[in-house]
Structures are given as structure tokens and as C-alpha cells.
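Notes to accompany the following structure.
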Amino acid sequence: MTNPRCLRTLVLLGSLSLFAACSDDTAEVSKSVECASGEFYNQLNGRCELRGRDDLPGNPGDPSGDNNDPADAGAPGDSPDAVDPADGGATPPDAAADAGGHNNDSGDASSNPDPAECGPGAIIGKACAPSGAVLSGATVTLEGFDCDGQPYSVSAETDRDGEYQFDDVPAGRHSITVSIGSYSGEQAVRVRPGHTTDLSSDSKVCLDAANVRIAVIEGAYDKVEGLLADLQLSYDIKGNDQPGGSLFFPTAPAESLAFLSDLNAMQQYDIIFINCGQLWDNFQRYASGSMSTVINNLVAYLNSGRSLYASDWAHPFVETAFPGIIDFYGDDATTNSARFGFAPQTVTASVLSPGLQATLGHNTTSIHFPHTPPTVLNDHWVVAQGAGAQSTVHLHGDVQLCESTTSCSQGGAMLSDAPLLISHVTPGGGTVFFTSFHNESQGGISQDMEEILKFLIFQL
């Protein structure tokens, strides 16, 4: 019996002899076979094969196996084009110099780097309010992954013009977030190696107004809602400072009292603005029994990490809820005694906080207290004479007081370094802001005042 192993050997030798004998005939057949464009005739299996197929060893169309032969246009396995950060899409291939569509030829290396390479690149940009106005003092955070696949994060602060810059950024797709106070905005960014991605014009990162809920209580002497509207920040009116009821049977401002007496309703909002007006006086006069509830709710609201801004005659809400934040002029037991500022006057104020200095670009500014009755009533404005150790005084200046406790028709003594803009962060993380000056006056506000108020609002 013939050994099977020997039989297989004989068959193999016979096949090789047959192939050797017919090699010339095979070559003649390959010459007569016509394959489609981009294909070649494979003599081993007698079929037409695509050029550029990396899974076929010995592919004469791509002998290196690196899939970078210009002839293999569109072949399976081609690497995708690099992403253009300017439009978020694929960078079109350079048809003249890179017909294969690889977008990594040496003639186009500077504008179309190999997408497999990683970093570094750079980012320049501007941050903005929802209105598009530049945003100074904001924190810009870039997050993604570095070239080793490790989490990557870096932060910068915007300058007076809202500008920021990141260098040595790993190439790839990252997220960029602008945040300040309660506000934030986010978008994706693509960085290519050796390129600077520009986010300073059409691609600016702006705050998202929908992320912050604002409640405003209207007042007779101030109107912060006008500034909020200019900045395209949405808000809800939650009452005013005017008495309800009738002329002969007045009551407390009903909507305002209901809102400030309901902690759950208050906590639906991130920020509450109380304008200068008669709200405190009318609460005291017509709803004195509810005052402890209102004050306790304000304390709980701020200690839950939310924010409050009160201007001028709304100061008792701050003084009573947080007595250590500001030392108001006069007898602290009598809230009205702080209403001792003379008007009209212009105070040359020193800008003390670094954030506000960066916003304004200078260390002094003018604060106006106009008084043109009956339209603008600014005499008897609230004077602060000091601030608690944990509070921040952003502006202070020498102010003129009224001539006496009963008359403010003329100016009297001067008070040095009176705080005009004060903030405080409560133990629970909430922020309180108080200003002696108003947000609105007849004839508009100065550029500095607009920047000061914008700074204030975006700190809340």
C-alpha cells in the first residue's frame, strides 16, 4: 500500500511541474484579459483584483502595503480627511496635488497635516454675553484628551476685551466652556496640529441665558430690568413696591409679599433683584407680622447657593438678613437712618477689586447721584460707612452727607472712603451685592457705569 504522506508529496510535485510547464501559457492569458480601471489581473487565482487592497499580499499596485499609493484613489481603508476647525467639517482634499484623496501629501503638509498626528495647536477667542457684548473677567476652561489619551484640562481668564488664548493644545476635538457667576456657555472646538483655531468672531463662545432664572421686584426709583434686557437676559417680574388694596384701605404689595414669603417659589430662581423703592417701608407698614418669614427665607435662599442684589433703599433686606455684611451709616436699629446721602453729587471713586479694575481698565471712576425732582429722586440715598471682614468693597469714595437728619436740601459733612459697591459670599455659597447708586437715571448711564453694572450682574 502506498504511504499517504508519500502520495501527497507526489501530487504536489506533479502540480508544480504542471505550473512550470504552463507558465508561458498563463502569461499569455494574463495579457489577453482586460480588467476594469483600478484593477489588475491576479495570475494566482485567475481573477481581476482591486488595486490598493491591503489584505492582498504582493499587491503590485501598492507593494509597500502602506495604502498611500496615489493610484489607489478611494480604495477601502483610505484615511479620512482632517477636520477643519473653522467649519467643523472635513477639509476638502487638494485635488491638484493629492488626487488620491489622502490629504497628506508633502506639497500640502502645512495646511493639511496627517490627522493621525497629535498636537500641538492653539486657540484664540473672545467670550461674550448673550447679547454678544464682550465679557471680561470670565473663566474659560478647555477640556479634552491629550496625545496619550489622558484627560486634558486648562483654564484662562478673559481680559478687558473678553479675549483669551490657549497654546500647546493637543490636536483633536475638545469642549470649551465660558463661566462667570451663575452663568455659563459651552461649545465644541476642533484643534489641528500646527494651526491656531480662531474663536474670536463668528465662533465666539457666549453665555447661555437659558441656564439662569432671574426674578425682579420692581421699584419706584430704580430699574435693573432695563439693563437685563440690554444684555438679553430673560427675567420674570415677581411684584413691585406699591401698596395694594384701596386708597382708604391700603395693603402690602401683594405679589411681592407672596413671593418672598414662599421659599419654594424663591428657589425656582437663581438670582433675585430688589430695586430701590418703597418695598421695605410698605412691608413694615402693612405686613409687619410677615417680616420674620421674609428675612428667614432670604437667609435660607442665599445659603442654598443663590444670589441677591439690592440697590439703595432696598438695603434693609440685606442689613436685616445679614447684619455683619455692611456697616450702614447711623443707627443700625433704625434702617432709615442710613438714608443720609446728599444729591446731586458726583463721587470720584477708587476701584479696589482686581476684577473690576480689569473690567474698567483704570483704578478710578465717577459715580453720579443725580437729583432732578420729580423725575429723578436721589437725595437721602443710602450711605455705607464700612464693610465686614468677609465682604469685598469694589468701589469707595468720599461722599457728602445731608445737612441734617431732617433736611437734605443742602450738603453737609463729608464721609471718607464710604463703600459704594459691596459684595459678600454667604457660608452656603450664595452671593449678595449692594450698591448705593442706581442702575438707571434719566439721560442714560455712563460707559463706566454700564461696565460696572454688567460686572456686577455677571458676578451673581
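The values are calculated or read from the model by the stated rules, or taken from the named source; none is laboratory data. Bear in mind the structure is a predicted one, so any value in this text is a computation, not a measurement. Cβ atoms come from the backbone with ideal geometry, glycine included; neighbour counts cover every protein chain shown. Quick note on the areas: whole protein, heavy atoms, side chains included, nothing else; ligands and nucleic acids left out. Shrake-Rupley method; radii C 1.70, N 1.55, O 1.52, S 1.80 Å.
Here's the yes/no breakdown for (1) in contact with a Ser or Thr (Cβ under 6 Å, 6 or more places away or on another chain); (2) among the acidic types (Asp, Glu):
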position: Asp398; (1), (2): yes, yes
position: Glu403; (1), (2): no, yes
position: Gly412; (1), (2): no, no
position: Val425; (1), (2): yes, no
position: Phe433; (1), (2): yes, no
position: Phe437; (1), (2): no, no
position: Ile452; (1), (2): no, no
position: Phe458; (1), (2): no, no
>> Among the residues of the stretch 121-150, what is the count of those that are more than 15 Å from the chain's Cα centre (by Cα) and either polar (S, T, N, Q) or modelled with pLDDT of 95 or more (or both)?
In response: 1
>> Could you list, ordered by first residue, the pairs with Cβ atoms under 7 Å in which the first is in the stretch 224-253 and touching a residue at least 60 places away in the same chain (Cβ under 8 Å) and the second is open to solvent by 50 Å² or more (accessible area, probe 1.4 Å), at least 6 apart or interchain?
In response: Gly226/Glu440; Leu228/Tyr235
>> Could you check the stretch 225-238 and list, in sequence order, the residues that are open to solvent by less than 20 Å² (accessible area, probe 1.4 Å) and either among the hydroxyl-bearing types (Ser, Thr, Tyr) or in contact with a Phe, Trp or Tyr (Cβ under 8 Å, 6 or more places away or on another chain) (or both)?
In response: Glu225, Leu228
> Just to be sure, is Asp222 part of a loop (DSSP other than H, G, I, E, B), closer than 22 Å to Ile457 by Cβ and open to solvent by 20 Å² or more (accessible area, probe 1.4 Å)?
Replying inline: no
> Which ones in the stretch 338-355 are closer than 20 Å to Asp398 by Cβ and touching a Gly at 6+ places or on another chain (Cβ under 8 Å)?
Replying inline: Ala338, Phe340, Phe342, Gln345, Val347, Thr348, Ala349, Ser350
> Only one of (1) under 30 Å from Glu157 (Cβ atoms); (2) touching a residue at least 60 places away in the same chain (Cβ under 8 Å); (3) open to solvent by less than 10 Å² (accessible area, probe 1.4 Å) fails for Val351. Which number is that?
Replying inline: (2)
> Is it the case that the stretch 252-260 has a residue that's closer than 30 Å to Gly429 by Cα, in a loop (DSSP other than H, G, I, E, B), open to solvent by less than 70 Å² (accessible area, probe 1.4 Å) and in contact with a Pro (Cβ under 9 Å, 6 or more places away or on another chain)?
Replying inline: yes
> Which of the residues spanning the stretch 139-183 are of a type in the set (Asp, Glu) and part of a strand (DSSP E or B)?
Replying inline: Glu143, Glu157, Glu163, Asp167, Asp168
> Among the candidates Thr435, Thr431, which residue alone is among the hydroxyl-bearing types (Ser, Thr, Tyr) and under 23 Å from the mean Cα position of the chain (by Cα)?
Replying inline: Thr431
>> Of everything in the stretch 312-326, what is free of Cβ contacts under 8 Å to residues at least 24 places away in the same chain and either open to solvent by less than 40 Å² (accessible area, probe 1.4 Å) or touching a strand residue (DSSP E or B) at 6+ places or on another chain (Cβ under 7 Å) (or both)? Give them in sequence order.
In response: Glu319
>> Suppose the filter is modelled with pLDDT of 95 or more, over 23 Å from the mean Cα position of the chain (by Cα) and not in a helix (DSSP H, G or I); does Gly239 pass it?
In response: yes
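Here is a check on your reading of the model: is Leu420 assigned to a strand (DSSP E or B) and within 24 Å of Ala314 (Cβ to Cβ)? Spell out the reasoning first.
Working: assigned to a strand (DSSP E or B): yes; within 24 Å of Ala314 (Cβ to Cβ): yes.
Considered against the rule, which asks whether it is assigned to a strand (DSSP E or B) and within 24 Å of Ala314 (Cβ to Cβ), Leu420 comes out as yes.
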> Which is among the aromatic types (Phe, Trp, Tyr), crowded, with 17+ Cβ neighbours inside 10 Å, touching a strand residue (DSSP E or B) at 6+ places or on another chain (Cβ under 8 Å) and closer than 27 Å to Met266 by Cα, of Tyr329, Tyr309?
Replying inline: Tyr309
> For the stretch 271-292, what are the residues that are open to solvent by 50 Å² or more (accessible area, probe 1.4 Å) and out of contact with any helix residue (DSSP H, G or I) (no Cβ under 8 Å at 6 or more places or on another chain)?
Replying inline: Arg285, Tyr286, Ser288, Gly289, Ser292
>> I need a count of the residues in the stretch 368-392 that are open to solvent by 40 Å² or more (accessible area, probe 1.4 Å) and not in a loop (DSSP other than H, G, I, E, B).
In response: 5
>> With within 12 Å of the chain's Cα centre (by Cα), of a type in the set (Gly, Ala, Ser) and surrounded by fewer than 20 Cβ atoms within 10 Å (Cβ to Cβ) as the only criterion, which of Ser153, Ser175, Ser203 stands out?
In response: Ser175
> With respect to the numbered conditions (1) in contact (Cβ under 8 Å) with a residue 60 or more places away in the chain; (2) within 17 Å of Lys454 (Cα to Cα); (3) not small (Gly, Ala, Ser); (4) not in a loop (DSSP other than H, G, I, E, B), which one is the sole condition not fulfilled by Leu401?
Replying inline: (2)
>> Cβ-Cβ distance below 7 Å, separation of 6 or more or different chains: which pairs start in the stretch 131-160 with a residue that is touching a residue at least 60 places away in the same chain (Cβ under 8 Å) and end on one that is surrounded by 14 or more Cβ atoms within 10 Å (Cβ to Cβ) and among the basic types (Lys, Arg)?
In response: Ser136/Arg160
